[in-house]
């Protein structure tokens, strides 16, 4: 597997590059500044470096130039990334030894094509084919009414131990409701409803519930925002790749 080192302090760019090369047999290593990128190359060198022209501590231009001064890194191609509103300094680009630049926002297919070109690779990514999903046997239970009656008996206090998970849950027989099974009466439902209401009205439970809800909301917001951002990026990359495939046909 080839290694691509990305030097960019933009979290968005880091995510875009990681998603772009997720299916391209590349291991993506990220650095948030030029010095961190140099430190990351202290061991085995990467196969290619993508570096933003503007970086903290060491710019992309200087990073490429310093790599030219190290024998172990001299042959590693560097592709600079410039902002949409940043003009590329042609003199610094030539002096740095970088192989060229790409403007942001990055188009996934263009980045992949340029990276493969610099590495002398052909675009041999196979089309993704989904294997057919094997049909699964339907979940089957027997004596459903009896099992449910046992759960109700535990809830209403008629038994002190919870009933075991019925072995019938793993069976392959169809659902069978036995004749003459106990009825779920209004009295039983009222008892269950009252016990739930008593629990909800408990002051301790109310405080616990508020604390748990606040924590759950915070966790949900963090997860949803991150997942939504990644989904939007994935969708956009998918649309761009699909459009490029149609154009090449």
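Read-outs throughout are calculated quantities, based only on the coordinates presented, and are distinct from any laboratory measurement. A quick note: this is a predicted structure, and the numbers were derived from the prediction, not measured. Every residue, glycine as well, gets a Cβ built from its backbone with ideal geometry; the counts of neighbours run over all protein chains shown.
Just a few scattered comments:
- Percentage relative contact order, the range 2-125, counting C-alpha pairs under 8 Å, at least six apart: 23
- Anisotropy class of the range 2-125 from Cα gyration tensor, a/c 1.5 cut: rounded
- For 109, 20, the sequence from fewest to most other C-beta atoms within 10 Å is 109, 20.
- Among 98-107, 5-14, 50-59, 66-75, the peptide with the highest mean count of other Cβ atoms within 10 Å heads the list, and the full ranking is 50-59, 5-14, 98-107, 66-75.
- Cα-based shape type of the range 1-74, given that a ≥ b ≥ c are square roots of the gyration tensor eigenvalues and the cut on a/c is 1.5: oblate
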